[in-house]
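Everything below concerns the one structure shown next.
The values are calculated or read from the model by the stated rules, or taken from the named source; none is laboratory data. This structure is a prediction, so every number in the text was calculated from the model and none was measured. Ideal geometry is used to build each Cβ from the backbone, glycine not excepted, and the neighbour counts take in all protein chains shown. What goes into the accessible areas is simple: the full protein's heavy atoms, side chains included, and nothing from ligands, DNA or RNA. Shrake-Rupley method; radii C 1.70, N 1.55, O 1.52, S 1.80 Å.
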Amino acid sequence: YELPATQPAERPPNPFGNRTLQRKDAVPGYIELSDGTLAVGRIYTTRDKPLRLYDRDTNLFRDIPLDVIASIEAHVEWERMEDDWRWKEQGSDVKVFTGHKYPARKTYYTVTLINGIKLTGNIAQPIYVRRGQQVRRFILHKRAKGELDTSLKDLVYVKRIVFSRREMLRALELPPSRRPTPAGSQRR
């Protein structure tokens, strides 16, 4: 008995593969941060991964390709300054407060599709913006914790993402105070 000839199995794409300057799945648009800073360019996620939203209404995960999204809006569920503490010793249930505080924020997102449908839920995923040779990474997540002894204003988050070539070009024409900052730089 001879085994039938088979085609070699197709390998799945490698998310850590070689970087290319142009991503086919990148969508033009901009990201607006809570401090008013804009990051303008072509927006994409991890290679071959759609945006994953945990839908609050259905309690299901939804994978959404970026090219069917019109916008993503962040909503602050709560934000507050929290006390920093440590356990007194290993295995102890006694908390020892350090006297320092840190900012904390919990967010959820509304994703508006190009057909007008809105989905609301949690996202935990990196989003990238490429403009020329510069790439900036932003993390969409449910809960954020800032550095010790900083304020809520210092805990900058992604407020809005707009996927549109027209809006991307409009954002590039904004006055210097609102222009996108170069990759890697931080504006405070």
Checklist entry - Within the group Thr45, Thr20, Thr58, which residue is surrounded by 17 or more Cβ atoms within 10 Å (Cβ to Cβ) and either modelled with pLDDT under 90 or of a type in the set (S, T, N, Q) (or both)? => result Thr45
Checklist entry - Under the condition of being open to solvent by less than 50 Å² (accessible area, probe 1.4 Å), part of a strand (DSSP E or B) and small (Gly, Ala, Ser), which residue from region 71-118 is nearest to Asp35 (Cα to Cα)? => result Ala74
Checklist outcome for this item: Reported set for region 61-70 where residues are outside any strand (DSSP E or B) and open to solvent by 50 Å² or more (accessible area, probe 1.4 Å) is Pro65, Asp67, Val68
